[in-house]
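The values are calculated or read from the model by the stated rules, or taken from the named source; none is laboratory data. If you're wondering where the values come from, they're calculated on a predicted model, not measured in any experiment. Here Cβ is always computed from backbone atoms with ideal geometry, including for glycine, and neighbour counts include all displayed protein chains.
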Amino acid sequence: MQERRSVIIGCGIMGRDIAAIFLAGSWTVQVVESNEAKWAEAARLIETAVRQLGASFERDRLVFRTELGKVDWADTDVVLEAIVENLDAKRALFESLDHLVPPGVPIGSNSSSMRISDVAQRCETAFRMANTHFFQPAHLVPLVEIAKGEKTAGATIDALYAIFRELGRAPVRVNKDVPGFLANRIQHALMREVFSVIDSGLASAGDVDIAVQFGFGFRYAAAGPILLKEFAGFDTQHAAATVIYPSLCNDTAPSRTLAELVARGHLGMKTRHGMRSWTEAEIAEEQARYETALMRAAQVLGPVPANEEG
């Protein structure tokens, strides 16, 4: 079997987890990180992620590079960027990749908000560039959104789709380059209503979490929203929508509760304060529970089904 090779640019949380996905699939991975002092810790965290995926960690398949100029581009199958979420930085990087990466190799960006059309705006080979958006923790959440830019070729989307299917991911094609792509647009519609519920006093934050996690969120692990309505009937959905939609929140600005949290610097676990206060021990315990639950869910769900509508 021919060796498969990837280049991952960026060694933060997302870059490490993406590298782990490829290593778990027996690919050789070159990770570009300029600070050599970070390499040992990064390798340790990548190994942990690979083992969480149930694969053995082959250290010789993981190679660190300090800069793009030192990357061995020969026989590279894919290049993925996971650097800081800054448009100027991403544009500069893609303009370098435009000339460095051999012809025919697809290039993806893991931006969670920036359009690939804007990132690759000045690139001559923008046709081989797409957004490849993972969700944290990237190695445990199977979804990868492959968003088509204004200049992205269909063959690029197909090539990236095939790579992620091969790696056991759940890729989806996003056919328009819009803010939020696919999943985040749906997720933010949910979050807008969540904060509206809290603002209005309809329910507490804790009860909102329980309602989602043990209600429709629990069902979504087994079937997506459209399949669930195939079970229930679209007539029922239409009738409920007619009654409920007029009272749903459609604000175009963040909610009062969310704005106040940010203004106070209560950003969640990263600042030890969010809707509640967090200790280091509580954060570690909750993180471990969350990751264990994700791994168990993956085992229950099994292989990702093929999307026949692709």
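Which is out of contact with any strand residue (DSSP E or B) (no Cβ under 6 Å at 6 or more places or on another chain), surrounded by 13 or more Cβ atoms within 10 Å (Cβ to Cβ) and under 20 Å from Ser112 (Cβ atoms), of Gly180, Gly168, Gly274?
Testing whether each residue is out of contact with any strand residue (DSSP E or B) (no Cβ under 6 Å at 6 or more places or on another chain), surrounded by 13 or more Cβ atoms within 10 Å (Cβ to Cβ) and under 20 Å from Ser112 (Cβ atoms) leaves just Gly180.
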Give me the pairs: first residue in the stretch 224-240 and closer than 16 Å to Pro305 by Cβ, second residue in a helix (DSSP H, G or I) and aliphatic (A, V, I, L, M), beta-carbon distance under 9 Å, and six or more apart or on different chains, which are they?
Pro225/Ile186
Taking the conditions exactly as written (acidic (Asp, Glu), under 24 Å from Thr292 (Cα atoms), touching a strand residue (DSSP E or B) at 6+ places or on another chain (Cβ under 9 Å) and assigned by TED's automatic domain parsing to the domain that holds Ile157), does Glu36 satisfy them or not?
no
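Is it the case, given these coordinates, that Ala153 is assigned by TED's automatic domain parsing to the domain that holds Val79 and surrounded by 14 or more Cβ atoms within 10 Å (Cβ to Cβ)? Don't jump to the end; show me each part of the working.
Numbers: assigned by TED's automatic domain parsing to the domain that holds Val79: yes; surrounded by 14 or more Cβ atoms within 10 Å (Cβ to Cβ): yes.
Answer is yes for this residue.
Which of the helices (runs of 4 or more DSSP H) found entirely inside the stretch 218-265 contain at least 1 residues meeting this: among the polar types (S, T, N, Q), closer than 19 Å to Met191 by Cβ and touching an Asp or Glu at 6+ places or on another chain (Cβ under 9 Å)?
Working: elements: 225-232, 234-244, 256-263.
The qualifying helices (runs of 4 or more DSSP H) are 256-263.
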Subset of the stretch 59-75 [closer than 30 Å to Ala293 by Cβ and surrounded by 14 or more Cβ atoms within 10 Å (Cβ to Cβ)]:
Arg61, Leu62
Starting from the stretch 72-88, take each residue that is in the same structural domain as Phe134 (by TED's automatic domain parsing) and part of a helix (DSSP H, G or I) and list its partners that are surrounded by 12 or more Cβ atoms within 10 Å (Cβ to Cβ) and of a type in the set (Asp, Glu), counting only C-beta distances under 7 angstrom and pairs at least six apart or across chains.
Leu87/Asp118
